[in-house]
1. Treating the beta-carbon of each Lys and Arg as +1 and of each Asp and Glu as -1, no other charges, what is the dipole magnitude of the chain about its Cα centre, to the nearest 20 debye?
2. For the chain, what does -39500 (n - 2.57) per DSSP helix run (n ≥ 4), summed and divided by total residues, give at 222 nm, in deg cm²/dmol to the nearest 500?
3. Within region 1-85, how many Lys pairs sit with Cα atoms under 21 Å apart, leaving out pairs fewer than 8 places apart on the same chain?
4. For the chain, what does the relative contact order come out to in percent, with C-alpha contacts under 8 Å and a separation of six or more?
5. Where q = 0.16, 0.17, 0.21, 0.23 Å⁻¹, what log10 of I(q)/I(0) comes from the Debye formula for the chain, counting one point per Cα?
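Here, each number is a calculation from the coordinates, and none is a lab measurement. Source: prediction; values computed, not measured. When we count neighbours, we look across all protein chains shown, and the Cβ atoms used for this are built from the backbone with ideal geometry, even at glycine.
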Amino acid sequence: MEVPSKPPNARGIIVANLTRNVVETHLRSVFGLYGPIVKVDMPVYIKSGQNRGKAGIEFQQPEMAQKAQSHMNGGQLDGAILKVELTDSPMLS
């Protein structure tokens, strides 16, 4: 059985398992350590304004996204273990 390969030129990551406390500025400060961020897509619930548990982050270069994914997948943010995957399309809308 063939293992799906990671998108080689992916500039984006999907971050899952975010706690309700996490806001865009948290993501920009933590993931910005791996390189300049072009865009953050963090859907929120209309009534509460809290995030939906996932965010898409687009970096300037694929190497930055790969570094963020390898360092932060399984890492912690606000006490939660994150799941971080490379993607060609980080926008969740």
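1. Details: 10 positive and 8 negative charges, 54 e Å.
Dipole of the chain, to the nearest 20 debye: 260 debye.
2. Details: 2 runs with 19 residues, N = 93.
Helix-only estimate at 222 nm: -6000 deg cm²/dmol.
3. So the count of such lysine pairs works out to 10.
4. Values: 182 pairs, mean separation 39.5, N = 93.
Reported relative contact order: 43 percent.
5. Evaluating at q = 0.16, 0.17, 0.21, 0.23 Å⁻¹ gives log10 I(q)/I(0) of -0.59, -0.66, -0.98, -1.15.
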